[in-house]
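The values are calculated or read from the model by the stated rules, or taken from the named source; none is laboratory data. Quick caveat, the model's predicted, so the values are computed rather than measured. Note that we place each Cβ from the backbone using ideal geometry, even for glycine, and neighbour counts take in every protein chain shown. Areas reflect the complete protein model, heavy atoms only, side chains present, ligands, DNA and RNA absent. Shrake-Rupley method; radii C 1.70, N 1.55, O 1.52, S 1.80 Å.
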Amino acid sequence: MAVMEQNAAKPQGGAFSDGVRLYIWAIVILVIAELIGAISINAGHGKIVLLPMVWALLLGAALGLAQGRLPRFAQIDLPMQHKAAAILQPALLLFVAKLGLLVGGSLPKLVAAGWALVFQEFGHFVGTIILGLPVALMLGIKREAIGATFSVGREPSLAIIGEKYGFDSPEGRGVLAEYLTGTIFGAVFISLFAGFIASLNIFNPHALAMGAGVGSGSMMAAAAGAIAAQQTPEVAKEVATFAAASNLITTTIGTYFTLFISLPLAVWGYRVMEPVLGRMTKRGRANAEAAAVADAEAAQELKQASKAHTVDMNFGARLFAWVFSGALALLGNSMAFNTSFIDGVPGMLVIIGAVLVGEALYYVTRRKVPAVCWVSLVAMFLTSPAFPYAPIVEQFTGKINFLSLVTPMLTFAGLSVAKDVPAFRKLGWRIVVVSFLANAGTFMGAAVIAQFFTHP
């Protein structure tokens with residue numbers, strides 16, 4: 001709260017100058033991240049790969065956290081952090097469109113995957129509970145464990161728990177804590193974890209790619225990127241394709257899985273395991289009560305901050321965000337993959353066009369189906385056999401590597417992270433451990449099931 005009050009007390013510049021500063025910093029961060037490049041760190045039999053997208057997220061977060069120590073012209077203050085969060089969604093849609101283009105041209109391979117792509121979805125929503133719930137109970141967390149482990153705690157999960165229990169309930173505080181942890185650490189953690197698992201060479205890359213489709217755009221991008229970076233160019237493209245297909249399934253029917261399967265399973269698991277595992281900590285009840293108070297304060301603080309700094313992203317603002325994010329992606333594409341900026345422009349125009357059509361369908365259908373689904377379907381059609389100009393579309397968009405669209409997205413994610421840190425500090429270390437286990441569980445659960453159906 002002190003950081004928020006400090007930000008509020010500072011004189012604010014005009015919206016235009018703040019926007020220009022935000023976009024300039026985004027360019028600087030992306031260039032630095034691409035210049036650093038990928039760095040591999042040996043870890044036992046595997047390795048951890050730090051890609052440019054991870055550097056972009058960390059640099060953006062560090063800039064936001066250090067804003068009180070920087071001169072006024074260089075600060076990324078609280079309103080700008082909220083604006084960065086608002087820009088994140090348009091940037092995400094560009095990435096979703098690129099993945100849709102890959103899926104459309106690879107539909108035969110997806111059909112051949114068959115049962116692997118169907119049944120891996122169970123792993124996404126059971127794996128969180130298998131790993132996260134027992135540890136949460138052993139750490140003394142009570143009913144908050146249900147909300148924190150029944151899913152990876154993204155927006156649909158917030159809606160389900162909010163409607164069923166309310167956010168003032170223990171379950172509501174648990175899902176909020178998982179959401180905050182995933183927002184701040186999710187992409188970095190899943191990137192490192194997925195990259196390490198991929199380096200062990202015990203899973204088929206397709207199975208790992210399906211595990212990456214966790215239902216969060218930024219986390220899916222981070223995981224798929226870390227896996228693809230360790231494959232040949234052709235296999236890397238297939239990794240992106242299967243991750244996109246898995247994520248689309250998770251996004252569309254995942255809500256029903258969480259509502260009718262994983263949430264009842266988490267409630268049942270709590271009822272069975274809590275009397276046994278809850279006794280393993282003498283301070284379980286005290287810890288749970290302290291966590292409940294902290295989570296309630298964090299929830300209230302986050303709600304107040306969101307109301308005070310709501311950013312109106314009208315069509316003009318979203319269009320500029322698409323164009324700017326696309327330009328950033330082309331810049332990164334030229335630096336990392338040696339494709340000239342100009343050569344990538346036609347493909348980027350196709351990607352932005354797919355986003356515009358998907359957005360239009362989203363509003364025409366009265367927002368009943370998420371925009372990411374519409375954008376994915378439109379992009380898939382453009383490279384599917386049903387579209388007569390699919391080869392031309394593939395030729396243009398094939399010059400843009402999907403990883404180049406991840407870095408701009410995580411740049412804005414990093415620039416927005418600092419706004420959630422004050423609330424996160426009140427949640428304690430236990431929820432971080434549980435969140436990491438839930439995220440690892442959803443990835444591993446789906447990968448293991450997909451591996452069973454996938455031939456190496």
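For the range 214-228, what does the Karplus curve 6.51 cos²θ - 1.76 cosθ + 1.60, with θ = phi - 60°, yield as ³J(HN,Hα) per residue in whole Hz, taken in order and with x for Gly and Pro?
7, x, 10, x, 5, 5, 4, 4, 5, 5, 4, x, 5, 6, 5
So for each of 57-67, 338-348, 324-334 I average, over its residues, the number of other beta carbons within 10 Å; can you give me the resulting order with the highest mean first?
324-334, 57-67, 338-348
Which residues' amide hydrogens lie under 5 Å from the amide hydrogen of T339, considering only partners 5 or more residues apart or on another chain, with H built in the peptide plane?
Under 5 Å from the amide H of T339 lie the amide H atoms of S334, each far enough along the sequence or on another chain.
Any chance you could run the full-extension gain for V20 through F73? It's 0.36 nm times the residue separation minus the Cα-Cα distance, nm to one decimal.
Between V20 and F73, full extension yields an extra 18.0 nm.
Please turn the phi angles of the range 120-125 into ³J(HN,Hα) values with the Karplus equation 6.51 cos²θ - 1.76 cosθ + 1.60 (θ = phi - 60°), one per residue in order, whole Hz, x for glycine and proline.
4, 4, 4, x, 4, 9
If the limit is 26 Å between Cα atoms, which of K109/K399; K47/K237; K47/K98; K98/K368; K142/K164 go over it?
Too far apart for the 26 Å limit: K47/K98.
Find out how many positive minus negative residues lie around G19, taking Lys and Arg as positive, Asp and Glu as negative, among other residues whose Cβ is under 15 Å from that of G19.
That sum, taken over residues with Cβ under 15 Å, equals 0.
Taking amide H positions as placed 1.01 Å from N in the peptide plane, with prolines and chain starts having none, which residues 5 or more places from G153, or on another chain, fall under 5 Å of its amide H?
none
Quick one: order S191, S218 from most to least accessible surface, probe 1.4 Å.
S218, S191
Order the following by accessible area, largest value first: E121, E34. Probe radius 1.4 Å; ligands, DNA and RNA are ignored.
E34, E121
Keeping all protein chains in place and using 1.4 angstrom, which order do R143, R173 fall into by accessible surface area, from largest down?
Highest to lowest solvent-accessible surface, that is R143, R173.
Taking Cα centroids, how far is the range 137-197 from the range 13-73 in Å?
Going from one Cα centre to the other spans 25 Å.
Quick one: which residues, 5 or more positions from V214 or on another chain, have an amide H under 5 Å from its amide H? H modelled 1.01 Å from N in the peptide plane, none for Pro or chain starts.
Amide H neighbours of V214: M220.
Can you work out the Karplus-derived ³J(HN,Hα) for every residue in the range 138-154? Use 6.51 cos²θ - 1.76 cosθ + 1.60 with θ = phi - 60°, whole Hz, and x for glycine or proline.
5, 7, x, 6, 9, 5, 4, 5, 5, x, 7, 10, 6, 6, 7, x, 8
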